[in-house]
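Undergrad: This is the structure I have questions about; it appears just below.
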Amino acid sequence: MTDYEEMKSQLLSYLYDYVDAGQLGNVSEIIDNVMCDYTFKKNSEIVKITCANGDIVRDYLIAKTVEGCSDGTLRNYRYILNILFSRVQKDINEIDASDLRNFMKQYKQEKCISDATLDKYREAICWFFKWCHAEGRILKNPTFNLKPVKHEIRERKVMTRIELEIIRDACADIRERAIIEFLYSTACRVSELCSLKKSDVNMMDRTVKIFGKGRKERTSYLNAKCYMTLIHYLESRNDNSEYLFVNKNAPHNCVSKVSVERLVKKIQSRTDTANRIKITPHSFRHASATHALDSGMDVVEIQRFLGHSKLDTTMRYAHVSQDDVMMSHRKHVV
């Protein structure tokens, strides 16, 4: 994927929840028409900082780069710390908890962000100051008593096995079916699917090398349906691309995150499932984990399957149904 295509993909992904598929296609054409006379080059210097305390922030991002944080994580850290130090213009050793609380309060009011988003900002700021204190850059950590922001955690709706079958039946061609089956069988993230190459799949033992967040590699697996569908999809292609999933039209670049999101949205529009759940590429990851748990797969095995470093993250994906709770209660609480 070229730098321009990556920029366009990210831009369209931000617009995905605000416009319908037809409008998104028009926006895509407009971007192409406007940008055709320009040369686009991605700024790969993720650690570039221009705010106050920039030297320390730069050192922090370099340290996180060495630790293996993904480019997306580094950009988020840079974005949040740039905002913080552009508003709290003090030497880092003079910043206290009240400065951080005032920043969070004012920023939430100005941008109307949710408490969940605000807590993510707080967490990133806490990680930064914890690192500064551990490195001896500051004498006292001002985030020590900065408590988490309470926010409503809604139970995610998980695609049922019946809904999964409905989505399967709604696929219009072998390419759509292959992408759906792969998302479910491997429980991969959409970004991971887009970057996969044919060489990452071992059709002999039905395994897949997936490179996830933090450049961590894990192995996932193809179930029987995914295996057979993937074979038929690859046989149907007449291109020489090294990527596992590509665009329909020449020059057959690797499929983008936005195009997969649009594809899933289009498939669901052919069904009547939208009145209960909005299905996205990530929905298949949740469904795979939950169905595995329902079928008796050990939660630690599910953790490895999803590539999570923490078990509590896995439990946000693998949902225990209320019916299972009821049956267990009747069995054990007697």
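The values are calculated or read from the model by the stated rules, or taken from the named source; none is laboratory data. Just so you know, these numbers come straight off a predicted model, no measurement behind them. For neighbour counting, all protein chains shown are included, and Cβ atoms are generated from backbone atoms with ideal geometry for every residue, glycine included. Note: areas computed on protein heavy atoms with side chains; ligands, DNA, RNA excluded. Shrake-Rupley method; radii C 1.70, N 1.55, O 1.52, S 1.80 Å.
Undergrad: Just need a number here: residues in segment 181-199 that are surrounded by 18 or more Cβ atoms within 10 Å (Cβ to Cβ) and more than 17 Å from the chain's Cα centre (by Cα).
TA: Of the residues in segment 181-199, 2 are surrounded by 18 or more Cβ atoms within 10 Å (Cβ to Cβ) and more than 17 Å from the chain's Cα centre (by Cα).
Undergrad: Among the residues of segment 130-149, which ones are open to solvent by less than 60 Å² (accessible area, probe 1.4 Å) and touching a residue at least 24 places away in the same chain (Cβ under 8 Å)?
TA: Trp131, Cys132, Ile138, Pro142, Thr143, Leu146, Val149 - these are the residues of segment 130-149 that are open to solvent by less than 60 Å² (accessible area, probe 1.4 Å) and touching a residue at least 24 places away in the same chain (Cβ under 8 Å).
Undergrad: From the list Glu163, Glu152, which one is open to solvent by less than 70 Å² (accessible area, probe 1.4 Å), of a type in the set (Asp, Glu) and under 30 Å from Arg276 (Cα atoms)?
TA: Glu163
Undergrad: Still on this structure, please answer the following. Kindly establish whether Lys248 is closer than 24 Å to Asp200 by Cα, modelled with pLDDT under 90, in contact with a Pro (Cβ under 9 Å, 6 or more places away or on another chain) and open to solvent by 70 Å² or more (accessible area, probe 1.4 Å).
TA: Criteria not met by Lys248.
Undergrad: Is there a residue in segment 101-111 that is open to solvent by less than 90 Å² (accessible area, probe 1.4 Å) and more than 26 Å from the chain's Cα centre (by Cα)? It would help to see each step written out before you state the result.
TA: Within segment 101-111, the subset open to solvent by less than 90 Å² (accessible area, probe 1.4 Å) is 102-104, 107-108.
Narrowing further to those that are more than 26 Å from the chain's Cα centre (by Cα): 102-103.
Checked against the condition, which is being open to solvent by less than 90 Å² (accessible area, probe 1.4 Å) and more than 26 Å from the chain's Cα centre (by Cα), segment 101-111 yields at least one hit.
Undergrad: Here's something else I'd like to know. Out of Cys171, Cys126, I need the residue that is farther than 30 Å from Ile279 by Cα and at pLDDT 95 or above. Which one? So that I can check it myself, show each step before the final result.
TA: Numbers: Cys171 fails: farther than 30 Å from Ile279 by Cα.
Going through Cys171, Cys126 in turn, just one is farther than 30 Å from Ile279 by Cα and at pLDDT 95 or above: Cys126.
Undergrad: Filter segment 301-327 down to the residues that are at pLDDT 85 or above and of a type outside the set (S, T, N, Q), then identify the one that is farthest from the chain's Cα centre (by Cα).
TA: Taking the candidates together, the pick is Glu301.
Undergrad: Condition check: open to solvent by 50 Å² or more (accessible area, probe 1.4 Å), touching a residue at least 24 places away in the same chain (Cβ under 8 Å) and either within 30 Å of Lys108 (Cα to Cα) or part of a loop (DSSP other than H, G, I, E, B) (or both). Does Lys225 satisfy that?
TA: no
Undergrad: To continue, here is another question. Go through Lys278, Lys265 for me and flag whichever is surrounded by 14 or more Cβ atoms within 10 Å (Cβ to Cβ), under 18 Å from the mean Cα position of the chain (by Cα) and either touching a residue at least 12 places away in the same chain (Cβ under 8 Å) or not in a helix (DSSP H, G or I) (or both).
TA: Details: Lys278 fails: surrounded by 14 or more Cβ atoms within 10 Å (Cβ to Cβ).
After ruling out the rest, the residue left standing is Lys265.
Undergrad: Select from segment 228-245 the residues that are of a type in the set (Ser, Thr, Tyr) and open to solvent by less than 30 Å² (accessible area, probe 1.4 Å) and write down the one among them that is modelled with the lowest pLDDT.
TA: Ser241
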